[in-house]
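Here is the structure we will look at, set down as structure tokens.
The values are calculated or read from the model by the stated rules, or taken from the named source; none is laboratory data. Everything quoted here is computed from the prediction, not taken from an experiment. So basically every Cβ, Gly included, is an ideal-geometry build from the backbone, and we count neighbours across all protein chains shown. Areas reflect the complete protein model, heavy atoms only, side chains present, ligands, DNA and RNA absent. Shrake-Rupley method; radii C 1.70, N 1.55, O 1.52, S 1.80 Å.
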Amino acid sequence: MGATAVRTEGLTKRYGGVAALDQLNLEVVQGEIVGYLGPNGAGKTTTIRLLLGLIQPTAGRGEIFGLDCQRQPVEAHRHLAFVAGEPNLWPSLTGAETLHLLGRVQGQVDETYRDELIDRFDLDPTKKVRAYSKGNRQKVILIGALMVRPDLLVLDEPTSGLDPLMEQVFRHCIHEARGRGQTVFLRSEER
């Protein structure tokens, strides 16, 4: 059994009298692919925002590889890459410039793998982000996350906007990541 990649203990978030997340206890072991499913309003995005340290819990705590998400967010973020379902990218940059910037933020890039991912996802990196469809913007953010080979991939509706062929490419990449010992925390809506 591997190290614990994600752990929550009694993680709770309330907005006034409304419980967005109530007493979540969760443990994800390194190397697992975990689908975090549920209907709208079940607290999935709230959980991710808490794990990323973007919002404060009302009660409880969350950890990424033993690092407290609230007290050690910078250290925790060194272990992960996050993909949002609605990526907000820089419209005046090209796909290649965006990937370069994302790699600089993370501090490490497997350039050979990045180029392989660009081919697999059939992305034209010379186009400006503003000219990309939603699916192509999603490809950029997926490539950006995968190319840094993080210990943990936190994916929030990662296939939003992808066509079925690109969804297959995505699934193949996720299974490869797991094979390398990476952990995948994948949020999706129930259908």
* Structure fact -> Length gained if Ala131 through Asn40 is fully extended, taking 0.36 nm per residue and subtracting the Cα-Cα distance, is 29.7 nm
* For Glu86, Glu167, Glu27, give the ranking by accessible area with the largest first, probe 1.4 Å. => Glu86, Glu27, Glu167
* Cα-projected label distance for Thr58 with Ala96, points at 7 Å along beta-carbon direction, nm -> 5.0 nm
* What is the antiparallel percent of DSSP beta bridges lying wholly in the chain, to the nearest 5? -> 50 percent
* Structure fact -> Rounded to the nearest 10, the angle in degrees between the Cα long axis of helix 95-106 and the longest principal axis of the Cα atoms of the chain comes to 40 degrees
* Asked: Once the whole set of protein chains is in place, how much accessible area is left on Thr126, using a 1.4 Å probe, in Å² to the nearest 10?
  -> 110 Å²
* Asked: Rounded to the nearest 500, what is the chain's calculated 222 nm mean residue ellipticity when only DSSP H runs of at least 4 contribute -39500 (n - 2.57) each, over all residues?
  -> -10000 deg cm²/dmol
* Asked: What whole number of Å gives the distance from the Cα centroid of the range 41-116 to the Cα centroid of the range 126-191?
  -> 13 Å
* Excluding residues fewer than 8 places away in the same chain, name every one of the lysines whose C-alpha is closer than 20 Å to that of Lys13. => Lys44
* Please report, to one decimal in angstroms, the Kirkwood hydrodynamic radius of the chain built from all distinct Cα-Cα pairs. => 17.1 Å
* Structure fact -> Per the 1/(1 + (r/R0)^6) rule, R0 = 30 Å and r from the Cβ atoms of Gln23 and Arg180, FRET efficiency to 0.05 is 0.35
* Report Asp119's accessible area, 1.4 Å probe, all protein chains in place, as a number in Å² to the nearest 10. => 120 Å²
* **Exposure of Phe65 as accessible area (Å², to 10), given a probe of 1.4 Å and all protein chains** => 40 Å²
* Find which of Leu26, Val74, Thr112 sits farthest along the positive direction of the dipole of the chain, computed with +1 on the beta-carbon of Lys and Arg, -1 on that of Asp and Glu, about the Cα centre. => Val74
